[in-house]
Amino acid sequence: MSQIAPRFAITSDDIDTVMRRFYRLIRADAALGPIFAAHVTDWPEHEAKIGSFWKKAILHEDSYSGNPMMTHMGVAQIRAHHFEIWLALFDEVLVKTLAPAPAASFSALAHRIGRGLRLSIEDRDKPKGSVPIFS
């Protein structure tokens, strides 16, 4: 466990529960399900990896290794509008799973990260020769 205090009151088990419930919704979603199914072959492994991302971001655990921005940029099927769906499903799980304060804090963090990912996808998908969002 890290010496740094968590961003907000949530446990590692809470994050694991959110991941299981969220990815259950993802698999059933008409828009996102097929995109994920094309890239995820081991759901428990994926849930654990993304759980590690959130545990690092929230609990400051040093268990995640990866580059979410590059991973998302490398999936050609992902479009900017998919992040609205992703965040709506994530918020649905948070509200049903956590107490109001940690749900709100987790949602705010997810929306901030989602905004950055969405902007990068928008930039990736701009016609060649247009001015990039990030330079």
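The values are calculated or read from the model by the stated rules, or taken from the named source; none is laboratory data. Here the structure is a predicted model, which means the values were calculated and not measured. Every residue, glycine among them, receives a Cβ derived from its backbone with ideal geometry; neighbour counts consider all protein chains shown. Ligands, DNA and RNA are excluded from the accessible area calculation, which covers all protein heavy atoms including side chains. Shrake-Rupley method; radii C 1.70, N 1.55, O 1.52, S 1.80 Å.
Summing Lys and Arg as +1 and Asp and Glu as -1 over all other residues whose Cβ lies under 14 Å from the Cβ of ALA101 gives a net charge of 0.
Note on region 4-135: Cα convex hull, mean projected area over all directions, 8.5 nm². Residues GLU122, GLU45, ordered by accessible area of protein heavy atoms at a 1.4 angstrom probe radius and largest first, appear as GLU45, GLU122. Cross-link reach is defined here as a Cα-Cα straight distance under 19 Å, omitting same-chain residues fewer than 8 places apart; for LYS126 the aspartates and glutamates meeting it are GLU84.
Counting only aspartates and glutamates at least 8 places from LYS96 when in the same chain, those with an alpha carbon closer than 16 Å to its own are ASP13, ASP14, ASP16. Give the angle, between 0 and 90 degrees and rounded to the nearest 10, that separates the Cα long axis of helix 12-28 from the longest principal axis of the Cα atoms of the chain. Tilt of helix 12-28: around 40 degrees.
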